[in-house]
Amino acid sequence: MNYETLTLDTTQNTTVTVRLNRPEVHNAMSEQLMKELMHCFHTLSKKDDVRIIVLTGVGKSFCAGADLNWMKSMVHYSKDENIKDSNLLLELYQTIYQCPKPVIGRINGHAFGGGIGLIAVCDIAIGIPNCTFAFSEVNLGIIPSVISNFVAPRLSPAVMRRLFITGVRFTSAYAQQIGLLDTVVSPEELDTSISDFVKELERSGPQAIQEVKHLLFNLRTLPLDQFTRYTVEKIAELRISPEGQEGITAFLEKRPPKWRV
């Protein structure tokens, strides 16, 4: 796969690292980057030899949000054109959020606006100290509308209210405190921390991880009675599935399951 705005590292066994590669504009999101990132995740989602995806940025920033030239063009958009554009952004976040592979965010630098949305859709987000974050949309007279769908599961309503209406900047330490980042490590420890999480994920059944992500998505979207029925039917289904049978049998036989690498 050849992209102009992304680079891919496929040298790490079953883990693929996807890097936003527009360092000259702090990896700001253009229409091309969004479309390439969607295509990339759709493609990796279907590859059986890919078990884990790491998302990061090239340079000093993770993602500065919307590209300036893209924002300039929006000024002259009609409402219908803006809706189409916003749907593209929504589709990007949904593609990553619903990816059947576990996604680790390697937050290597600053993130603003829509860039924070990319952090929020990761299953695990690991950052470094001295980064700056902000929901800066209100400073432009707009709001963090689309990303709120994905930020909400990570942040409390009170924290969202304050950060959304002020656009105030905050640090890596505070990002971890409020749940935006799962952990913060030194730059020297970042890749080691990523590797540790990869090893933990490789211990889990690939199908089980996919089903967990689907379970949590249904928890947010299904009515309670439907979700309850779904959980009963799903655990019964997975107990007799090939992966479930292998996992239980391996545990009883005191051996590693076949999916461990």
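If you line up the long axis of helix 190-203 against the longest principal axis of the chain, both from Cα atoms, how many degrees apart are they, to the nearest 10? For helix 190-203, the angle is close to 40 degrees.
Annotation: extensible slack from A173 through K258 equals 26.7 nm (criterion: 0.36 nm per residue apart, minus Cα-Cα distance). Please say if the chain is rounded, prolate or oblate, where rounded means a/c under 1.5 for a ≥ b ≥ c the square roots of the C-alpha gyration tensor eigenvalues, and otherwise the choice is prolate for a/b larger than b/c and oblate otherwise? The shape class here is prolate. Given a Förster radius of 25 Å and the C-beta distance between R220 and H39 as r, what FRET efficiency does 1/(1 + (r/R0)^6) yield to the nearest 0.05? So, using R0 = 25 Å, E works out to roughly 0.45.
The chymotrypsin sites (Phe, Trp or Tyr not before Pro) of region 117-150 include none that DSSP puts in a loop with a beta carbon having at most 12 other beta carbons within 10 Å. If you average the C-alpha positions of region 1-49 and of region 175-189 separately, how far apart do those two centres end up, in angstrom? What the calculation gives is 23 Å, centre to centre.
For V232 and A158, a Förster radius of 30 Å and the Cβ-Cβ distance give a FRET efficiency of 0.30, rounded to the nearest 0.05.
Amide H to amide H distances under 5 Å link C131 with S172, where only residues 5 or more positions off or on other chains count and H is placed in the peptide plane. Pairs spanning more than 29 Å between alpha-carbon atoms, out of K84/K199; K60/K213; K46/K199; K84/K234: K84/K199; K60/K213; K84/K234. Database remark: amide H of L6 closer than 5 angstrom to the amide H of N21 (H placed geometrically; neighbours at sequence offset of 5 or more, or on other chains; Pro and chain starts carry no H). In percent, rounded to a whole number, the relative contact order of the chain is 15, using alpha-carbon pairs under 8 Å and six or more apart.
Taken together, the values in this text are just the output of simple stated rules run on the coordinates, not laboratory data. Please read these numbers as outputs of a predicted model, since none were measured by experiment. Backbone-built Cβ (ideal geometry, glycine too); neighbour counts: all protein chains shown.
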